[in-house]
1. Taking the range 107-150 as the search range and keeping residues that are touching a residue at least 60 places away in the same chain (Cβ under 8 Å) and not aromatic (F, W, Y), which one is surrounded by the fewest Cβ atoms within 10 Å (Cβ to Cβ)?
2. Within the bounds of the range 36-55, is there any residue that is hydroxyl-bearing (S, T, Y) and closer than 25 Å to M171 by Cβ?
3. In the range 46-60, how many are surrounded by fewer than 19 Cβ atoms within 10 Å (Cβ to Cβ) and more than 18 Å from Q159 (Cβ to Cβ)?
4. Being among the basic types (K, R) and either in contact with a Pro (Cβ under 8 Å, 6 or more places away or on another chain) or in a loop (DSSP other than H, G, I, E, B) (or both) is the requirement here; does R71 meet it?
5. One residue is enough: does the range 22-34 have a residue meeting the conditions away from the ligand (no atom under 16 Å from the Cβ) and either within 20 Å of V181 (Cβ to Cβ) or surrounded by fewer than 19 Cβ atoms within 10 Å (Cβ to Cβ) (or both)?
6. Under the condition of being under 19 Å from A121 (Cβ atoms) and among the small types (G, A, S), which residue from the range 142-185 is farthest from the ligand (Cβ to nearest atom)?
7. Out of L40, L16, report the one residue that is away from the ligand (no atom under 16 Å from the Cβ) and either of a type in the set (F, W, Y) or not in a strand (DSSP E or B) (or both).
Amino acid sequence: MKFFVDTADTTAIAELNDLGMVDGVTTNPSIIAKSGRDILEVTKEICDIVDGPVSAEVVSTDADGMIAEGRKLAKIADNITVKVPLTWDGLKACKVLTSEGTMVNVTLCFSANQALLAAKAGATFISPFIGRLDDINLDGMELIEDIRTVYDNYGFETQILAASIRSANHMSDCAKIGADVATAPPAVIKAMANHVLTDKGLAAFLADIEKANIKIV
Ligand code: G3P
């Protein structure tokens, strides 16, 4: 499973990238607003740090506006993925932009039907939002399973980019189901390293090291 980082924090992206933990980056208008930076400038900086796809989202809601914005975003760098919402206009924009050779990430997906339409429109990525379904007492992970089944039934090449990931468990659950990509905030990716037994085991080793005065260098 590929790891995308869901942030516009370039310091955090660079740190994870140096560790080989970054296969791509996703942003959205809320993330860009949080960064307080100009969308074109920060997106370019991110594209310079990572080799993989960098999602930058349009802000128009009509197809023509999305296509014009998508074309402008695509000029930032070769690894730009234009992100469009899963609306009828978004699907139209997806079709046009993908036919021009631009990678497209169709976002705000909350059903298998929506994912099916995005695949038919040629989306490079579909972004189902796990956490926001869980927030309303639905099962976000079940949606990932459903989309995996639908895409595998027909050999769709659209990649499942699991999004709105809120916990380390979401990451391993996505990997078990076979999501192609999971995008998560840096803190969630770092939390995957945590285990209480690792901490306990290390504390015991450290106590023994001190008692026996073990030194290596
Ligand atoms: O990748 C989508 C993500 O940014 C949304 O996450 O936690 O706001 O639902 P969240």
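1. My answer is T124.
2. Looking through the range 36-55, at least one residue is hydroxyl-bearing (S, T, Y) and closer than 25 Å to M171 by Cβ.
3. 4
4. No.
5. no
6. G155
7. Exactly one residue qualifies, and that residue is L40.
Yes/no matrix, rows are residues, columns are (1) crowded, with 19+ Cβ neighbours inside 10 Å; (2) part of a helix (DSSP H, G or I):
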site	(1), (2)
D152	no, yes
A162	yes, no
N194	no, no
A207	no, yes
I216	no, no
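Laboratory data are not the source of any read-out in this text; all were calculated from the coordinates shown. Worth saying up front: this structure is predicted, and the values here are computed from it rather than measured. No Cβ is skipped: glycine too gets one built from the backbone with ideal geometry, and neighbour counts run over all protein chains shown.
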